[in-house]
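Novice: One structure coming up, written as structure tokens, with questions to follow.
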Amino acid sequence: MAQNRGHIPKSRQREKPREGLKYIGKSMKRVEDPRILTGRGIYADDINLPDMAHVAIVRSSHAHARIKRIDTSKAEKLPGVLAVLTGAQAAELTGPLPTWSSPPVFQRVIAHEKVRHVGEAVAAVCAESRYIAEDACDLIEVEYEPLPIVVDPEEALKSRGDAVLHPDHGDTNLILESKFDFGPVAEDFARADHVVKRRLRWPRSGGTPMETNGATAVWDPGSQRFTIHANTSMYNFVGWMIADTLKVPHHKLNIVPTLAGGSFGAKLFLYKQPVMAAMFAKLVGRPVKYLEDRLDASLNNDAHASDRVYYVELACKKDGTLLSFKQRIIDDYGAYFQYGVGQHGNALAQVVGAYAINSVGVHVQAVLTNKNQQGAYRGFGSEVANFVIERLVDAAADELKLDRIEIRRKNFIKKDQFPFLIPTGNMYDSGDYEKVLDETLKLLDYKGWKKKVEEMRKAGRYVGIGIASTQERSVFSSTEFWMWNLDGKIGWTSSPDSMSLKIDPRGRIYGTLHSPFWGNSPETVATQVIAEQFQVDPSNIEITYSDSDKGLHSTGPGGSRFTVMVTGAIVGAAAILKKKIFKIAAHMMEANADDLELRDGNVVVKGAPGKKVSLQDLAFHAYYMRLSMPDPEDPELTSGLDATYVYDHPVTTLPDPKREHMGIFYPIMGHMCHSMVVEVDPETGQFKFLDYACVHDSGVMINPMTLEGHMRGGVVNGIGSAASEQYFYDKNGQPTNNLFTDYIIPSISESPADMKCGHVETPSPFTEYGIKGGGEGGRMGTPPALAQAIEDALSPFGIKITELPLTQNVIRRLVREAQAKKAAD
Amino acid sequence: MSNEKITITVNGKRYDKEVEPRRLLSDFIRDDLRLTGTHVGCEHGVCGSCTVLMNGKSVRSCLTFAVMADGAEIMTIEGLGTAENMHPLQKGFWEKHGLQCGFCTPGMLMTAVELLKEKPRPSVDEIREALSGNLCRCTGYQTIVESIQRGAEIMQGGK
Ligand code: FES
Ligand code: FES
């Protein structure tokens with residue numbers, strides 16, 4: 001019987017993808033840049049308020065311990081210290097921090113009774129300056145009673161008693177376990193000719209933006225309100241949760257976004273830093289800033305990323321047809337569980353990769369260990385799924401003696417099969433995977449390189465080619481969260497984004513974003529779409545950001561959703577405004593509203609371009625001539641020109657009540673092919689890029705230049721994830737690399753000097769103009785291709801790559817092991 | 001700790017201030033002078049975000065004490081150009097998309113200013129060499145190299 005994969009709703013697209021757009025599709029210079037380039041952008045640490053005090057924290061030196069005693073008396077006496085708080089005192093002032101885990105795993109702004117990882121705050125000091133606050137931290141004495149430490153994720157499955165981090169959740173560190181069969185897994189395995197099996201390891205890394213997380217809070221005793229400036233996102237989605245922690249009514253909190261100096265997920269939703277600053281601001285009666293230093297950011301920022309062990313099996317036919325895919329995943333979440341297993345929802349959105357695999361068996365085991373907890377990082381767990389499926393397809397090709405490219409081609413979902421429901425129920429809206437592959441092979445000059453590589457190998461060089469075809473799910477709806485919570489009712493039904501538009505009496509357009517800047521180009525994107533909608537020059541448009549007081553329901557950037565969502569919101573708000581504009585213009589020009597259109601800053605009569613009224617004159621009329629309008633009672637003709645619009649998710653469905661599928665929850669499916677040529681030095685374990693080419697399909701592009709920026713930057717993130725980055729903890733739970741001296745993010749020397757980027761545009765049939773998300777794909781495409789390239793280069797040794805990161809040491813070890821094995825044989 | 005009197009010229013303006021001997025130049029510039037364009041990414045001398053020019057030479061302001069800059073001429077990003085009148089390098093970064101979040105950008109620009117003083121027409125390799133101590137998490141670096149080339153071209157009178 002065919003699997004029930006759910007249904008596909010009708011498209012609500014209003015703006016069809018089309019030729020001849022004037023502003024969309026152009027590489028316009030960014031409107032954000034002039035202030036940033038001249039040092040005038042305001043980031044979290046640039047908030048300077050009169051009389052502002054500063055917080056520093058005492059970080060736990062133990063990975064797992066009871067706090068027996070804290071002596072803060074010396075710190076309190078230090079001149080310039082305003083207040084010192086321990087976990088016990090903080091627990092009186094604040095409630096648990098926000099969490100999405102269900103049942104909730106509670107975390108506090110300062111650890112209370114127990115520390116669960118090195119770097120967790122055990123006390124905090126507020127002082128006249130950061131210098132004094134840090135001095136005072138050194139004067140605080142903490143006595144710990146050590147508890148058993150859990151570091152290895154597979155060992156964590158066996159923890160009992162004192163080794164359990166949160167005993168209120170049972171005598172185990174296995175905090176969540178879920179098993180699903182999507183489709184006929186057993187039958188598909190039964191009809192397989194061959195099963196590929198692997199254990200794969202994806203390492204703990206993190207977004208690690210150049211700017212750390214921080215907040216400055218003000219308490220106004222008159223209005224009894226907090227104002228918090230922070231480099232956070234999601235403040236117009238779930239910012240109210242912070243009010244709960246601060247024990248004030250929700251309307252007594254206003255969150256104001258600053259620019260973010262990069263996020264990559266690390267600033268998805270800040271709560272620890274805002275709560276820390278706000279707690280002290282009320283206590284000392286002054287503005288208070290808490291900015292993480294680099295150590296806080298590595299050890300205590302709640303933003304480490306997927307740390308997974310995979311046991312996987314791929315069932316295939318002899319001819320390379322991929323049938324079914326089974327995986328058991330152990331994921332090390334660290335000490336808390338803020339987003340539950342949201343990272344696995346992401347992975348299941350595209351678990352079959354670009355291939356028409358018939359069924360999927362999933363077994364997720366989320367474990368807690370004594371580490372900084374997981375958050376989001378560019379891909380949010382789906383980048384790991386890309387690595388896993390692509391490694392398995394490579395393995396299948398090798399074991400079946402098929403070409404690595406041909407096996408992909410054979411199994412691709414074909415372009416006439418979209419929209420396509422995969423076994424988990426998620427939809428792939430559109431795509432043309434063969435075309436992306438072909439363009440990539442051309443861009444790299446695959447044939448040319450094949451020949452060159454052969455010659456180089458003959459000359460004794462270790463050169464390899466890697467090619468991976470991967471997915472970039474974009475625009476989440478969060479509807480799938482329910483699947484994981486076995487006791488919960490069906491939950492979220494949308495994750496919207498909003499826009500406010502106003503045309504002033506002189507025809508200038510103001511757009512208010514309800515989501516922040518976090519290193520992307522929100523002002524530029526909004527400007528281009530508004531310019532397109534109203535056919536006005538971008539210089540007439542001004543974009544600003546709302547705070548949460550004035551904010552409309554908006555999820556914010558993340559999951560490559562912003563461009564699609566804000567465009568939907570702009571189209572919605574513009575439609576309301578244009579209706580009014582045409583009504584007024586029809587009256588002013590004595591024309592029929594249906595015959596009107598906007599062109600070059602004017603309302604014109606279609607086919608009679610001489611007949612026009614400028615937007616400027618029309619706006620003036622709309623503001624000040626209310627009583628001259630035809631029907632003074634018309635409720636659509638109130639004075640002024642403004643509109644807001646909340647754009648709900650373009651296409652989403654609920655999970656199946658019987659849990660046969662997860663519904664459509666991450667459907668706007670980008671695709672990319674990454675290819676590269678690398679040369680490895682087996683003596684030193686070093687490798688270098690000889691070439692790099694990638695082609696992305698992010699649907700219709702708004703700004704090819706900024707999209708390409710995401711691709712390039714993402715690739716270098718991906719190189720870090722694949723080759724150098726790992727937050728490492730020793731067996732005592734002591735982190736051994738927390739600074740940029742030893743947590744190695746790629747510098748220019750490790751990055752390709754000449755990366756070739758190409759584009760294919762397969763429009764989405766569901767989003768306005770056919771746009772898809774494109775913010776994460778670079779990082780999501782590189783690791784499997786790089787693993788393949790290095791494996792190919794080292795093929796004379798017969799090495800199989802099953803783990804990342806491929807640091808110099810790891811490559812050296814793999815070569816040595818292979819040599820020892822050969823010698824022994 | 002007694003404070004030290006220092007005189008520093010920043011972006012052509014002279015400041016007479018008292019500072020603690022341990023006060024970092026980065027904190028002095030950012031908090032005492034309120035010139036927040038200089039960014040602090042790591043506080044340990046690796047990322048280069050905090051790069052400023054001291055007597056024409058690039059220094060990491062997070063590794064320099066303010067007292068060490070007594071009598072010196074400092075140039076920060078705010079001294080380079082304004083939104084109405086950008087420096088050619090700023091124009092280059094704008095045109096070639098040399099920034100995304102912009103956090104590393106002041107350090108990149110100040111490093112590039114120093115480079116172009118020595119080598120008005122640097123090669124790609126020379127630019128890569130000069131930027132090898134500046135981290136950027138957003139751009140992948142290639143557009144930064146192109147931005148500097150473009151800035152050099154504008155400086156030489158190119159359009
Ligand atoms: S902040 Fe000075 S080098 Fe990083
Ligand atoms: S532009 Fe963000 S760190 Fe360089």
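The values are calculated or read from the model by the stated rules, or taken from the named source; none is laboratory data. None of these values were measured; they are calculated from a predicted model. Positions of Cβ are backbone-derived with ideal geometry, glycine not excepted, and every protein chain shown enters the neighbour counts.
Novice: Out of curiosity, is residue B:71 within 16 Å of ligand 2 (Cβ to nearest atom), outside the structural domain of residue B:108 (by TED's automatic domain parsing) and either surrounded by fewer than 21 Cβ atoms within 10 Å (Cβ to Cβ) or assigned to a loop (DSSP other than H, G, I, E, B) (or both)?
Specialist: no
Novice: Quickly run through segment B:35-50 and pick out the residues that are more than 11 Å from the chain's Cα centre (by Cα), on the phi < 0 side of the Ramachandran plot and near ligand 1 (Cβ under 6 Å from one of its atoms).
Specialist: Of everything in segment B:35-50, those that are more than 11 Å from the chain's Cα centre (by Cα), on the phi < 0 side of the Ramachandran plot and near ligand 1 (Cβ under 6 Å from one of its atoms) turn out to be B:40, B:41, B:42, B:46, B:47.
Novice: Among the residues of segment B:146-158, how many are of a type in the set (Val, Ile, Thr) and either surrounded by fewer than 24 Cβ atoms within 10 Å (Cβ to Cβ) or within 10 Å of ligand 2 (Cβ to nearest atom) (or both)?
Specialist: 1
Novice: Cβ-Cβ under 6 Å, sequence separation 6+ or interchain: first residue in segment B:89-105 and more than 7 Å from chain A (Cβ to nearest Cβ), partner of a type in the set (A, V, I, L, M) and more than 6 Å from ligand 2 (Cβ to nearest atom). Which pairs?
Specialist: Close Cβ pairs (under 6 Å, with a partner that is of a type in the set (A, V, I, L, M) and more than 6 Å from ligand 2 (Cβ to nearest atom)) amount to B:89/B:109; B:89/B:112; B:91/B:154; B:98/B:144.
Novice: Let me ask something else about it. Which of (1) over 16 Å from the mean Cα position of the chain (by Cα); (2) surrounded by fewer than 24 Cβ atoms within 10 Å (Cβ to Cβ); (3) outside any helix (DSSP H, G or I) is the odd one out, the single condition residue B:126 does not satisfy?
Specialist: (3)
Novice: Taking the criterion of being more than 16 Å from ligand 1 (Cβ to nearest atom), in contact with a helix residue (DSSP H, G or I) (Cβ under 8 Å, 6 or more places away or on another chain) and within 28 Å of residue A:740 (Cα to Cα), would at least one residue in segment B:131-139 satisfy it?
Specialist: Within segment B:131-139, one or more residues are more than 16 Å from ligand 1 (Cβ to nearest atom), in contact with a helix residue (DSSP H, G or I) (Cβ under 8 Å, 6 or more places away or on another chain) and within 28 Å of residue A:740 (Cα to Cα).
Novice: Consider residue B:39 carefully, then state whether it is facing another protein chain (nearest Cβ under 10 Å) and within 16 Å of ligand 2 (Cβ to nearest atom).
Specialist: yes
Novice: Quick check on segment B:77-114: of everything there that is β-branched (Val, Ile, Thr) and within 15 Å of ligand 1 (Cβ to nearest atom), which residue is farthest from residue B:142 (Cα to Cα)?
Specialist: B:77
Novice: If I ask for residues that are touching a Ser or Thr at 6+ places or on another chain (Cβ under 6 Å) and within 14 Å of another protein chain (Cβ to nearest Cβ), which ones from segment A:198-209 would you list?
Specialist: The answer is A:205, A:209.
Novice: Name the pairs: first residue in segment B:125-144 and free of Cβ contacts under 8 Å to residues at least 60 places away in the same chain and within 7 Å of chain A (Cβ to nearest Cβ), second residue β-branched (Val, Ile, Thr) and in a loop (DSSP other than H, G, I, E, B), Cβ to Cβ under 8 Å, at least 6 apart or on different chains?
Specialist: Close Cβ pairs (under 8 Å, with a partner that is β-branched (Val, Ile, Thr) and in a loop (DSSP other than H, G, I, E, B)) amount to B:137/A:208; B:137/A:745.
Novice: Under the condition of being more than 18 Å from residue A:475 (Cβ to Cβ) and surrounded by fewer than 24 Cβ atoms within 10 Å (Cβ to Cβ), which residue from segment A:688-707 is nearest to the other protein chains (Cβ to nearest Cβ)?
Specialist: Looking at residues that are more than 18 Å from residue A:475 (Cβ to Cβ) and surrounded by fewer than 24 Cβ atoms within 10 Å (Cβ to Cβ), I get A:705.
Novice: For residues that are surrounded by 15 or more Cβ atoms within 10 Å (Cβ to Cβ) and part of a loop (DSSP other than H, G, I, E, B), scanning just segment A:166-195, find the one that is farthest from the chain's Cα centre (by Cα).
Specialist: A:192
Novice: Just checking, how many residues over segment A:491-535 are surrounded by fewer than 24 Cβ atoms within 10 Å (Cβ to Cβ), touching a residue at least 24 places away in the same chain (Cβ under 8 Å) and in a loop (DSSP other than H, G, I, E, B)?
Specialist: Within segment A:491-535, residues that are surrounded by fewer than 24 Cβ atoms within 10 Å (Cβ to Cβ), touching a residue at least 24 places away in the same chain (Cβ under 8 Å) and in a loop (DSSP other than H, G, I, E, B) number 9.
Novice: Confirm whether residue A:282 is within 14 Å of chain B (Cβ to nearest Cβ) and of a type outside the set (Ser, Thr, Tyr).
Specialist: no
Novice: Let me ask another. Can you name the number of the only condition in (1) in contact with a helix residue (DSSP H, G or I) (Cβ under 7 Å, 6 or more places away or on another chain); (2) farther than 20 Å from residue A:139 by Cβ; (3) touching a residue at least 40 places away in the same chain (Cβ under 8 Å) that residue A:83 fails?
Specialist: (2)
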